Amino acid sequence: MLTNLSQNDPKIAKAIKNELNRQQNVIELIPSENFVSTAVLEALGSVLTNKYSEGYPGNRYYGGTENVDIVEQLAIDRAKQLFGAEHVNVQSLSGAPANIAAYFAILKPGDTILGMDLSHGGHLTHGHPVTSMSKIFNFIRYKTDKETGLIDYDNLLQMAKEHQPKLILVGYSAYSREIDYQKVKEIADEVGALTMADIAHIAGIIAGGKMNNPVLLFDIVTTTTHKTLRGPRGGMIMCKEKWASQVDKAVFPGLQGGPHEHNIAAKAVAFKEALQPEFKEYAGQILKNAKALENKLKEHNFEIMFVTTENHLLLIDVTNKNLTGKQAQDLLDKVGITCNKNMIPDDPRKPMDPSGIRLGTPAMTTRGFKEAEFELVGDFITQTLENPEDDALHQQIKQEILELTGKFPLYPELN
Ligand SMILES: *Cc1c(COP(=O)(O)O)cnc(C)c1O
């Protein structure tokens, strides 16, 4: 593998090989990561990367687009089928630019957006002060209820009445509960606001029919294609027909230049995979595995945020184990478990060393892990974090993890 690259650029080839090795040998629990199929990789590595095609299928600024038109139309049609969308734009380069384009498609600078507080699971692009969007739009933040772990819908209604937002935004990066889109839509209707869902994390579970689908109900829905949807790194916008031309114009020429057709081809391949019956099973297994991991960690007195998980991820406060999020992440790294440190709701600590860690099941579910393996993972995590000084134990766990991951081969054909 990488024959030409190894000859022409051995340094890059070596880093790629080492990364393949790393992915094969660790337990990957970052909830936003996944492993694409080799078919997706082939589309990504194709000659489509050479082609300029500003515009949309059948209506381009460049000649020679007959093949990329087929590719992009297939991606659009399959996404429509997958989510029941009226209109789809598959050109967004990633989740963040998809959100930016979505805001500009339906809002004007200065408009008020009601989105979730970052420490309660919202995303940076939902108005964090460090982002450029926070200087253009007026973001107001709602929170979850501490007792139930659910979105505080009563408070959301109150805030909507008080702030009269143009847009109510749901969809999160670190929130583990289901969303009542119907209720959000009712609140939006009551104050005359538009509705947007950012399903970046849970798109694959929705496509697999295992979580509520906001696409039929909401004005606009954005997503990444590389998280649970298991496609290439990228973004996508779905909307009601009435927003179609505004969305397309906001993506190109509003925000972006030429579309990345190799990436769009890989999206189409992933969507076809997600339309197969096996993908429904995959989505269901993601949820079962998250439950298995949750139950094991609860047994060991880990503190699960938002009470429980109803999706693919767990946000855990590790301070009752006398660790910070960063310490926990580093310890798990040592034994071969990859996760990320994360803020917990109203975290008193700082983002670079917060109180929590975030764990997710999509990637290892792709590798074939089921409940039994995730119970083992729960035990590995517990032993590691409860014995932070025990190097011998860490070495032993690392060995056990190597043996376990070896039983679930990843990309054997790429070795
Ligand atoms: C991951 C994520 C994004 C951003 O996606 P990128 O591809 O990293 O730009 C946006 N919104 C939510 C909710 C996400 O989880």
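No lab work stands behind these numbers, since they all come straight from the coordinates. Every value quoted in this text rests on a predicted model; they were computed, and no experiment measured them. Don't worry about glycine lacking a Cβ; one is built from the backbone with ideal geometry, like all the others, and counts go over all protein chains shown.
Would you mind putting 297-303, 6-12, 363-369, 18-24 in packing order, based on average other-beta-carbon counts within 10 Å, highest first?
363-369, 297-303, 18-24, 6-12
Provide the percentage of antiparallel DSSP beta bridges, counting only those with both residues in the chain; round to the nearest 5.
So the antiparallel bridges in the chain amount to around 60 percent.
Only sites in a loop by DSSP and with at most 10 other Cβ atoms within 10 Å count here; which GluC sites (Glu not before Pro) in the stretch 306-392 make the cut?
Those that pass, being in a loop and sparsely packed, are 389.
Going by a ≥ b ≥ c, the root eigenvalues of the Cα gyration tensor, does the stretch 85-216 fall in the rounded group (a/c under 1.5), the prolate group (a/b larger than b/c) or the oblate group?
rounded
What is the sum of charges around residue 197, taking Lys and Arg as +1, Asp and Glu as -1, for the other residues whose C-beta is under 11 Å from the C-beta of residue 197?
So the surrounding residues net to -1.
Name all residues of the stretch 41-59 having a backbone nitrogen under 14 Å from the label point set 7 Å from the Cα of residue 276 along its Cα→Cβ direction, giving them as ranges.
Zone members listed by number: 41.
Once you have the Kirkwood Rh of the stretch 41-274 from its Cα pairs, apply Stokes-Einstein at 4 °C and 1.567 mPa s and quote D in µm²/s.
The calculation lands on 72 µm²/s.
Return the subset of 240/291; 370/407; 14/272 for which the Cα-Cα distance in this structure is over 23 Å, preserving the input order.
240/291; 14/272, as the Cα separations exceed 23 Å there.
Relative contact order for the chain: what is it in percent, counting Cα pairs under 8 Å that are at least 6 residues apart?
Here the relative contact order equals 23 percent.
Ordered by residue, what ³J(HN,Hα) values in Hz, to whole numbers, does the stretch 324-335 give under the Karplus form 6.51 cos²θ - 1.76 cosθ + 1.60, where θ = phi - 60° and Gly and Pro are x?
9, x, 5, 4, 5, 4, 5, 4, 5, 4, 4, 9
So what's the net charge close to residue 95: Lys and Arg +1, Asp and Glu -1, counting the other residues with Cβ under 15 Å from its Cβ?
The answer is +2.
Using 0.36 nm per residue, how much length does the chain from residue 212 to residue 4 gain when fully extended, once their Cα-Cα distance is taken away?
That pair, residue 212 and residue 4, stretches by 70.3 nm at full extension.
Calculate one ³J(HN,Hα) per residue across the stretch 17-32 by plugging θ = phi - 60° into the Karplus curve 6.51 cos²θ - 1.76 cosθ + 1.60, and present them in order as whole Hz with x for glycine and proline.
Per residue, the Karplus-derived 3J(HN,Hα) values read 4, 5, 5, 4, 4, 4, 4, 6, 9, 10, 8, 8, 10, 5, x, 8 Hz.
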